[in-house]
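Structure first, then comments.
The values are calculated or read from the model by the stated rules, or taken from the named source; none is laboratory data. Computed from a predicted structure; not experimentally measured. Note that we place each Cβ from the backbone using ideal geometry, even for glycine, and neighbour counts take in every protein chain shown.
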Amino acid sequence: MSIIGFLSDFSLPEIFRFIDSGSKTGMLTLRVLPESSPASHHYIWVENGSIVAAASELNENGLLSLIQQYQWVSDRVVTKLAQLRPADQPLGLYLRKQGVLRAEQLEHLFQVQLVQQFCVLFKLKDAHFKFEQNAPFPTQEMTGLSLPVTVVEVLLQKFVVLKQLFVARRIRQEKNGLNTKPDMFCHQIGLTMDIAFFHSLHLSLFETDYTLADLAQIVELYYRPYDIPKSKFASAMS
């Protein structure tokens with residue numbers, strides 16, 4: 001069974017409420033309309049009402065590429081292990097069982113994987129969507145973690161406020177004659193997540209209990225003089 005429509009008729013929160021209402025399993029595809037933004041696709045897989053993976057392509061190479069960006073293990077090793085992985089086992093879970101990734105690294109990968117997609121989707125005026133029930137899972141894109149779809153609405157609300165806070169911070173700096181970073185919002189969020197992770201600072205954009213002060217601290221974190229591995233920073237900038 002497939003359900004299709006446009007975000008101008010059904011918002012993202014409404015779509016995920018529908019998925020949650022029946023604890024549905026399947027794949028949600030969103031195709032960005034060229035007049036709204038550069039054409040692109042976003043794929044989100046859910047199992048029993050929980051998100052298990054997200055990607056911008058169907059080549060099952062997104063999670064592997066993300067792992068390689070962080071260089072926690074050599075490209076040769078992670079590529080070889082991906083080839084040896086049982087087809088029915090999530091790649092992230094398999095790598096953890098092999099001692100290649102730690103639990104906290106998997107959690108970070110999963111958060112980045114989802115935020116990369118939703119950070120683009122939250123600001124769209126329109127897009128075509130299609131939900132296909134019982135679509136096969138891309139196990140090579142899966143960390144083995146999951147997230148209730150009900151958190152999506154909270155995440156989108158956070159993005160709205162965080163973007164306002166970043167803009168306010170930039171305007172304030174400009175008024176004070178300070179140089180500002182011309183970074184795009186999604187890059188700001190991604191870099192902040194990496195800063196928090198590499199400096200062992202707890203940051204989860206999926207938490208439902210948060211305040212305006214909590215979000216303001218996230219913005220402040222972005223402007224602190226923290227470093228992240230050069231390899232990851234170069235990948236983020238590109």
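Details
- The stretch 189-205 - residue that is assigned to a loop (DSSP other than H, G, I, E, B) and on the phi < 0 side of the Ramachandran plot and, of those, surrounded by the fewest Cβ atoms within 10 Å (Cβ to Cβ): 202
- Taking the stretch 26-77 as the range and being buried (at least 19 other Cβ atoms within 10 Å of the Cβ) and either charged (D, E, K, R) or touching a His at 6+ places or on another chain (Cβ under 6 Å) (or both) as the test, only 30 passes.
- Any hit, the stretch 106-125, residues being modelled with pLDDT of 95 or more and in contact with a Phe, Trp or Tyr (Cβ under 6 Å, 6 or more places away or on another chain): yes
- The stretch 78-110, residues that are surrounded by fewer than 17 Cβ atoms within 10 Å (Cβ to Cβ) and among the basic types (Lys, Arg): 80, 97, 102
- Enumeration of residues in the stretch 76-105 that are of a type outside the set (Gly, Ala, Ser) and either within 16 Å of the chain's Cα centre (by Cα) or at pLDDT below 90 (or both): 104, 105
- Residue match in the stretch 164-184 (condition: of a type outside the set (Ser, Thr, Tyr), modelled with pLDDT of 90 or more and closer than 23 Å to residue 41 by Cα): no
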